[in-house]
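The values are calculated or read from the model by the stated rules, or taken from the named source; none is laboratory data. Bear in mind the structure is a predicted one, so any value in this text is a computation, not a measurement. With ideal geometry, Cβ positions are generated from the backbone for all residues, glycine too; neighbour counts draw on all protein chains shown. Please note that ligands, DNA and RNA were not included when accessible areas were found on the heavy atoms of the full protein model with its side chains. Shrake-Rupley method; radii C 1.70, N 1.55, O 1.52, S 1.80 Å.
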Amino acid sequence: MLELSHVSFSYGKGKPNILTDATLTAPDGTCTVLVGENGAGKSTLVGLLAGTLKADRGRVTHTGRLGYLPQESALLDDMTARENLLFFSNLYGVPKPKDKELPFGVAEFLDKRAGELSGGMKKRLSLACTLLGNPDTLLLDEPCASLDAHNQKLLTDILQDLRRNGKCILYIGHNEEEYRAFCDKRYRLCDGTVVEDLLF
């Protein structure tokens, strides 16, 4: 489960609040989608849930091991895809999967440096790193950006399986077609506050 309870946040003293008394709950076994205009603070909210940012007020909690896909790539460009997988496996304290078990066709470019990969390949590798060790809770910030239709379908299938297996997923996306198949509840971030948004 993910919970954001009455959270306020700004990027420094005297700066305007990005979030003001924001509250959101995402239960296990569901996919909760967060939408909002560019600059509304969606990535900030996910950063607070991931622990990369600290709230000024309120409480942020999650259960189990966390998998986090930030909007910007967290890959180490000087390392190969294989070395990135090993690095994140060690960071999470989980075994690195066998090549044949890697999703999104990552095994096809394991020996290429991350900095030489296309945007789509980087996103596929980033997703593979995020899913290492079968995390209990997933934070996905625009995971379909740069993905082709084939890999978007693979991601949809994976997320549907994860929901069925009781995982908690928070998904940021702009296009309803991306998440229609697996979305249980949708919230909108507007003026620093989270409000429930009617589905489709």
| message | Suppose every Lys and Arg Cβ carries +1 and every Asp and Glu Cβ carries -1, with no other charges. What dipole size does the chain come out with about its Cα centre, to the nearest 20 debye? | response | 400
| request: Express the carbon and sulfur contribution to the solvent-accessible surface of region 160-200 as a percent, rounded to the nearest whole number, probe 1.4 angstrom. | output: 42
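At a Förster radius of 22 Å, what calculated FRET efficiency corresponds to the Cβ-Cβ distance of ASP21 and GLU176, to the nearest 0.05? Let's see the in-between values first.
Values: r = 27 Å, r/R0 = 1.24.
That pair, ASP21 with GLU176, gives E of 0.20.
So, by mean Cβ neighbours within 10 angstrom, what's the order for 22-28, 89-95 with the highest one leading?
Going by the mean number of other Cβ atoms within 10 Å, highest first, we get 22-28, 89-95.
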| note | Burial-style ranking of 126-132, 153-159, average other-beta-carbon count within 10 Å with highest first, yields 126-132, 153-159
| DSSP-defined antiparallel bridges as percent of all bridges, region 70-200, nearest 5 | 55
| said: Straight-line reach only, C-alpha to C-alpha below 16 angstrom: list the aspartates and glutamates that LYS15 could link to, leaving out same-chain residues fewer than 8 apart. | reply: ASP56, ASP191
| note | Packing-ranked peptide list from 76-88, 101-113, 135-147, highest mean Cβ count within 10 angstrom first, is 135-147, 76-88, 101-113
| note | Counting only DSSP beta bridges fully inside region 1-148, the antiparallel percentage to nearest 5 is 75
| note | region 139-186 and region 1-28 have their Cα centres apart by a whole-number Å value of 23
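Cα-Cα over 29 Å: which of LYS98/LYS167; LYS54/LYS98; LYS100/LYS123; LYS122/LYS167; LYS42/LYS123?
LYS54/LYS98
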| request: Please report the Cα spread of the chain along all three principal axes, rounded to whole Å, starting with the longest. | output: 46, 37, 29
| request: Treat each spin label as a single point 7 Å out from the Cα along the C-beta direction, and report the CYS190 to MET1 distance in nm. | output: 2.8
| field | Distance between modelled label sites at ASN38 and ASP161, nm, 7 Å Cα→Cβ extension | value | 3.5
